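The values are calculated or read from the model by the stated rules, or taken from the named source; none is laboratory data. On a predicted model such as this, the values are computed, not experimentally measured, just so you know. Cβ: placed from backbone, ideal geometry, glycine included. Neighbour counts: every protein chain shown.
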Amino acid sequence: MYRLLIRPILFLFDPEKVHYISFSTIKFLSKIGLSGLFKSMFLIEDKRLERELFGLKFKNPVGLAAGFDKNAVLYNELSDFGFGFVEIGTLTPKPQDGNPKKRLFRLKADHAIINRMGFNNHGVFEAAEKLKKEHRVLIGGNIGKNKVTPNNEAIKDYLICFDALFDHVDYFVVNVSSPNTPGLRELQDKEPLMALLNELQLENSKLSTRKKTIRKPILLKIAPDLTDSQLLDIIEIVDTTKIDGVIATNTTISRENLKSHALLIEEAGGLSGAPLKNRSTEVIRFLAEKSNKSFPIIGVGGIHSAEDAIEKLEAGADLIQLWTGFVYEGPGLVKKINKALLEKASN
């Protein structure tokens, strides 16, 4: 029904406006008591779907990637669509508007999206307030730096976000791989990345000791555009800093083999969706093989079917995340993936 009826109507309108309209609609429908209907339609609960990673138990391996619920306003409602975890953000210390509109573009011929949102969010402290209510799902906190913060002061921004969210999220994701904040990807270079992750690990230990609680898992989200040499550096960095895993991958700046109109293809920003599928899987497989599967990997990028999801898992991902596939295929995709995983477990 979504692809035949709902999506054609939604795709008539500006994608960013549709995003907020969808949020308001889901919020309203949940408030009037339809969350149970959503659960009955999309949620599958089965012990065979559970996954245990970095001390957390995930009800199923299908999560919602960061960028969808940036400000932590809809995480419980979104869990009713069957997700095993929801990642909020990317959040920055200070609120920021992001890049000028228009900044979100559908490439329908490619089942893809280009975005240059620029970490638009209401700030980490507002999100932390919203996260104080009870969670029905595991929450990841994706953190970044403000656009105006120079790279040599970026660590301060990440620490502010880490401290603000420590009591309210189940794991952290360090985002240094978005192409939409000028200079951000320079933080993926070996020396600044080591410095950032070491500082976060030190803060993690301090906070967990002071609060008499367990440390929070820290994952690194990487770009699909890294070379093999850079990916080998990532493996070394994970081993040295003892962070808990990697999310592969963020959006790409590549525009290879696209079918959409040239004017769309030329839009600046990160590309997500079906064209990213093969490259993100290559990165997952490379990291898994070269590291001898020494750390968990969350696979994201171009998952539009159950087959795509299984391909990521077989390449070495332990969990997967959806974003563009959720937009194009609808909430039924989560259920299809989990059903396929149960069928595979039964064979």
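Residues in the stretch 253-283 that are within 16 Å of T227 (Cβ to Cβ) and without any contact (Cβ under 8 Å) to a residue 60 or more places away in the chain were compared, and the one that is nearest to the chain's Cα centre (by Cα) is S280. Listed by position, the helices (runs of 4 or more DSSP H) enclosed by the stretch 255-338 that each have at least 2 residues that are crowded, with 19+ Cβ neighbours inside 10 Å are 277-290, 306-315, 324-329.
Here is the figure for the stretch 199-243: residues that are assigned to a helix (DSSP H, G or I), of a type outside the set (A, V, I, L, M, F, W, C), farther than 30 Å from I253 by Cα and free of Cβ contacts under 8 Å to residues at least 40 places away in the same chain total 5.
Scanning the stretch 1-32 for residues that are among the charged types (D, E, K, R) and farther than 18 Å from L107 by Cα returns K27, K31.
Among the conditions (1) closer than 20 Å to K216 by Cβ; (2) in contact with a strand residue (DSSP E or B) (Cβ under 7 Å, 6 or more places away or on another chain), D110 misses just one, which is (1).
Cβ-Cβ distances below 9 Å connect the following pairs, each with a first residue in the stretch 30-42 that is in a helix (DSSP H, G or I), a second residue that is crowded, with 16+ Cβ neighbours inside 10 Å and of a type in the set (A, V, I, L, M), and a separation of six or more residues or different chains: S30/L74; F38/I26; F42/V334.
Tallying residues that are of a type outside the set (D, E, K, R), in contact (Cβ under 8 Å) with a residue 60 or more places away in the chain and not in a helix (DSSP H, G or I) within the stretch 9-29 yields 1.
When the residues of the stretch 129-164 are filtered to those that are modelled with pLDDT of 95 or more, surrounded by fewer than 18 Cβ atoms within 10 Å (Cβ to Cβ) and of a type in the set (D, E), the one that is farthest from A72 (Cα to Cα) is E153.
Among the residues of the stretch 231-258, those that are out of contact with any strand residue (DSSP E or B) (no Cβ under 8 Å at 6 or more places or on another chain) and not hydrophobic (A, V, I, L, M, F, W, C) comprise D233, E236, D239, T240, T241, K242, E256, N257. One residue is enough: does the stretch 175-189 have a residue meeting the conditions free of Cβ contacts under 8 Å to residues at least 60 places away in the same chain, farther than 22 Å from T252 by Cβ and not hydroxyl-bearing (S, T, Y)? Checked against the condition, which is being free of Cβ contacts under 8 Å to residues at least 60 places away in the same chain, farther than 22 Å from T252 by Cβ and not hydroxyl-bearing (S, T, Y), the stretch 175-189 yields no hits at all.
Of the residues making up the stretch 220-243, those that are among the charged types (D, E, K, R) and either closer than 13 Å to M194 by Cα or in contact with a helix residue (DSSP H, G or I) (Cβ under 8 Å, 6 or more places away or on another chain) (or both) are D228, D233, E236, D239, K242. Within the stretch 68-93, take every residue that is within 18 Å of S177 (Cα to Cα) and buried (at least 24 other Cβ atoms within 10 Å of the Cβ) and give me the one that is farthest from the chain's Cα centre (by Cα). Applying the filter and picking the extreme gives T92.
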